[in-house]
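In what follows, a single structure is set out as structure tokens and then discussed.
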Amino acid sequence: MSEVEQLSALIGAIYDTTFDPARWTSVLEKVTKFMNGKASQLGLHNAASRTGNAFYSWGDDPKYTQLYFERYIKINPILVPFSLHGKIGEPISNSMLMPYE
């Protein structure tokens, strides 16, 4: 399957989660593999209160995810810049704020 076909199938799988949210875990696995990543998560970060929650994840260690949301989210240095530079409906990534180089 070509990369374009894989992306199209992935987009379809994401849309399918609208009707069946239980599919998110398997879709996150597909997203992670498509992006050559190690883990992925769909969650919420509230920059004002420095709180959040992971709704669905794949490839993470639940112990460390829980620890992040209980303790380390409060000191996440990119949470506020994300909220200041991000626009509603537009994705934002760490590399947009700080290049990998």
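The values are calculated or read from the model by the stated rules, or taken from the named source; none is laboratory data. Worth saying up front: this structure is predicted, and the values here are computed from it rather than measured. For neighbour counting, all protein chains shown are included, and Cβ atoms are generated from backbone atoms with ideal geometry for every residue, glycine included. Accessible surface is based on the protein model in full, side chains and every heavy atom, while ligands, DNA and RNA are left aside. Shrake-Rupley method; radii C 1.70, N 1.55, O 1.52, S 1.80 Å.
As a summary of the residue check, SER57 satisfies the conditions (1) touching a residue at least 24 places away in the same chain (Cβ under 8 Å); (2) closer than 25 Å to LEU7 by Cβ; (3) open to solvent by 50 Å² or more (accessible area, probe 1.4 Å); (4) outside any helix (DSSP H, G or I) except for the one numbered (3). Just wondering, is there one or more residues in the stretch 48-59 that are hydrophobic (A, V, I, L, M, F, W, C) and at pLDDT below 90? Yes, because at least one residue in the stretch 48-59 is hydrophobic (A, V, I, L, M, F, W, C) and at pLDDT below 90.
Return yes when SER83 is assigned to a helix (DSSP H, G or I), free of Cβ contacts under 8 Å to residues at least 40 places away in the same chain, of a type in the set (S, T, N, Q) and open to solvent by 60 Å² or more (accessible area, probe 1.4 Å) and no when it is not. It is true that SER83 is assigned to a helix (DSSP H, G or I), free of Cβ contacts under 8 Å to residues at least 40 places away in the same chain, of a type in the set (S, T, N, Q) and open to solvent by 60 Å² or more (accessible area, probe 1.4 Å).
For the stretch 6-28, check the following and say yes or no: at least one residue is under 16 Å from the mean Cα position of the chain (by Cα), part of a strand (DSSP E or B) and under 29 Å from LEU84 (Cα atoms). Checked the stretch 6-28: no residue is under 16 Å from the mean Cα position of the chain (by Cα), part of a strand (DSSP E or B) and under 29 Å from LEU84 (Cα atoms). Only a single item in (1) open to solvent by 70 Å² or more (accessible area, probe 1.4 Å); (2) free of Cβ contacts under 8 Å to residues at least 24 places away in the same chain; (3) polar (S, T, N, Q) is not met by SER2, and it is number (1).
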